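Read-outs throughout are calculated quantities, based only on the coordinates presented, and are distinct from any laboratory measurement. If you're wondering where the values come from, they're calculated on a predicted model, not measured in any experiment. Cβ coordinates were reconstructed from backbone atoms using ideal geometry, including for glycine residues, and neighbour counts include every protein chain displayed.
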Amino acid sequence: MEQYTGFSAHASLATIGLWMKERNIWQKIEQQVAIKQKTIRHTPHEKLKDAFINILAGGRGNVEVNHRVRTDKALQLAFGRSACAEQSVVSETLNACTERNANQLEEVVRNVYQQSSKGYQHDYEQGYLLLDVDLTGLLAGQQAEGASKGYFSGTKNAHGRQLGRVMASRYEEIVCEQLHDGKVQLEKCLIGLLEMNENVLDLNETRRRRTLLRVDGGGGTDGNINWALQRGYFWMSKVKNWQRTSKLVAPITDWQSVLELPGHEVAWVPAPHRYEKPTRQLAIRWAKPKGGWHYCVLVFNLTDDMLFELAERKRTTGTEPELLSAIVKAYNLRGGGVETSFKNSKQGLGLGKRNKKSFQAQRILILLAQLAYNITVWVRTELAKHKPDLQHYGMLRMIRDAFSIPGQLHFDASGRLIQVVLNRSHSLAETFHKTWLTLFAHNDLSLILGEI
């Protein structure tokens, strides 16, 4: 190959390819994921890489491989590809993936997380690890494997699958995910998801006693709560059983309003349900439009100090209303963790637009999106050291803005990226310049700003 210089609409994304190469991320996939498919022009691993690049380049579906990746030779070279497969060929490889392949890729993604994440490196002696757990629906055709009628927000009589996720919310990282049939609810799959999470984070008994689980109300069954308490976790969720909730709130007569939730009132449950270990239970009610009340009960075993820390507040007056407000906020902030991550995956990474008929092919795409999500979070953390506002960028803005800085890419005769010239007029070009000069100061990569 001769020296090559080419324009790329995603020149800043090219540096991500180098970042991955230095950590041998794709090399691990090639070594550990054995897809049985005949190679004509592109190997199965190369076609998986094309699908992965498409996700980071903002492709909303596999069909966009053709005009986002295949037309950008410089970007292909930056990720170690000399050409890009046609999107239908990429889909054939995804369809050829088996359960064994998905398990192999899952293992690689776990190893990458352990190698690079802050969640895995969390200092349990310094503070508690906060994990948020929830389920989201992924629409799919009626003929798709594992697709069935279930709850899918904003749609009726729809078919799809359910995706369970554990988030290390303070680090905004996806720890692990599991794909399920469309009828599965969180109460049925929670323990399996948490056991997978324990494997990823290597949670021994000591670490579990410094870990806080904040779970959507769908997981708040007696069996799940008792399992978590027996394992030593700190727990916070709503009680799922509505009959239990009605019984717990029935004797309450003294309700208090809280500033944290206008229109809502709270009260301590006078006769809490007994679980395997002691808990506190707080009832919440709010008015129905046509009269009467909605009720829910929060169950938790957190200390007051933990509640204020989780609510991101400092205790000032030490009064009961202050504590009640902190409890409500501590649970409501769950929406800014795992629920926001689902929104980020769907809007920024097109997770809801990649629907494969094959269940295992869908698992492969979800794992690639999980890898892309975490890599984007880690890159954003590095960029934010030079531009703090970037820490608030979601996936959509990172893909659309930070990973789409145009520029020229220069390669030597061996295909190695040696120079990146970013368009200096882009608002984030200087931030990338400062960041990557620091990260790659040890090698021969030259990253400069220029007029493109």
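Would you mind counting up the charge near ILE225? Only other residues with Cβ under 14 Å from its Cβ, with Lys and Arg at +1 and Asp and Glu at -1.
Working: positive: ARG214, ARG231, LYS238, LYS240, ARG244, ARG274, LYS277, ARG280; negative: GLU187, ASP216, ASP222, GLU276.
With Lys, Arg at +1 and Asp, Glu at -1, the net is +4.
The residue among TRP227, LEU186, VAL297 whose Cα reaches farthest toward the positive pole of the charge dipole of the range 128-339, with charges on the beta-carbon of Lys, Arg, Asp and Glu, is VAL297.
Take the Kirkwood radius over Cα pairs of the range 230-301, plug it into Stokes-Einstein at 10 °C and 1.306 mPa s, and you get 122 µm²/s for translational diffusion. Once each of the trypsin sites (Lys or Arg not before Pro) sitting in a DSSP loop with at most 12 other beta-carbon atoms within 10 Å is removed, the chain keeps 315-452 as its longest stretch.
Our note on the geometry: Cα centres of the range 253-270 and the range 169-231, 29 Å apart. Could you tell me how many degrees, from 0 to 90 and to the nearest 10, lie between the Cα long axis of helix 338-348 and the main elongation axis, the longest principal axis, of the Cα atoms of the chain? It works out to around 30 degrees.
When the helix-only estimate is applied to the chain (DSSP H runs of n ≥ 4, each -39,500 (n - 2.57), divided by the residue count), what is the mean residue ellipticity at 222 nm, nearest 500 deg cm²/dmol?
The per-residue figure over the chain is -12000 deg cm²/dmol.
The alpha carbon centroids of the range 330-384 and the range 92-141 are separated by 10 Å.
Considering only PHE308, PHE52, SER414, and ranking their Cα positions along the charge dipole of the chain that arises from unit charges at the beta-carbon of Lys, Arg, Asp and Glu, the one farthest toward the positive end is PHE52. Only Lys, Arg, Asp and Glu carry charge here, each on its Cβ (+1 for the first two, -1 for the last two); on that basis the range 128-339 has a dipole of about 580 debye about its Cα centre. Cβ-Cβ distance of GLU195 and GLU276, R₀ of 22 Å, FRET efficiency by 1/(1 + (r/R0)^6): the value works out to about 0.80.
Looking only at Cα atoms, what is the convex hull volume of the range 128-339 per residue, in Å³? Present the calculation step by step, with values, prior to reporting the outcome.
Working: hull volume 28.1 nm³, N = 212.
Output value, Cα hull per residue: 133 Å³.
Converting the Cα gyration tensor eigenvalues of the chain into ellipsoid dimensions via √(5λ) gives semi-axes, longest first, of 44, 25, 19 Å. For ILE418 and ARG315, the difference between the fully extended length at 0.36 nm per residue and the C-alpha to C-alpha distance is 31.7 nm. Identify, among THR438, THR211, GLY394, the residue whose Cα sits farthest towards the positive end of the charge dipole of the chain, taking +1 on the Cβ of Lys and Arg and -1 on the Cβ of Asp and Glu, with the dipole about the Cα centre. Of the listed residues, the answer is GLY394.
How charged is the neighbourhood of ASN95? Take every other residue with its Cβ under 10 Å from the Cβ of ASN95, and add Lys/Arg as +1 and Asp/Glu as -1.
On the way: positive: LYS356, LYS357; negative: GLU92.
The answer is +1.
Rounded to the nearest 20 debye, the dipole magnitude of the range 1-99 is 60 debye, with +1 charges on Lys and Arg beta carbons, -1 on Asp and Glu beta carbons, and the Cα centre as origin. Helix 99-116 and the longest principal axis of the Cα set of the chain meet at an angle near 90°.
Applying a threshold of 31 Å to the alpha-carbon distances of LYS118/LYS329; LYS28/LYS238; LYS73/LYS434; LYS28/LYS240; LYS28/LYS183; LYS357/LYS387 flags LYS28/LYS238; LYS28/LYS240; LYS28/LYS183; LYS357/LYS387 as lying beyond it.
For the chain, the dipole from Cβ point charges (+1 on Lys and Arg, -1 on Asp and Glu) about the Cα centre works out to 1080 debye, to the nearest 20.
The convex hull of the Cα atoms of the range 26-175, projected and averaged over all directions, covers 11.2 nm².
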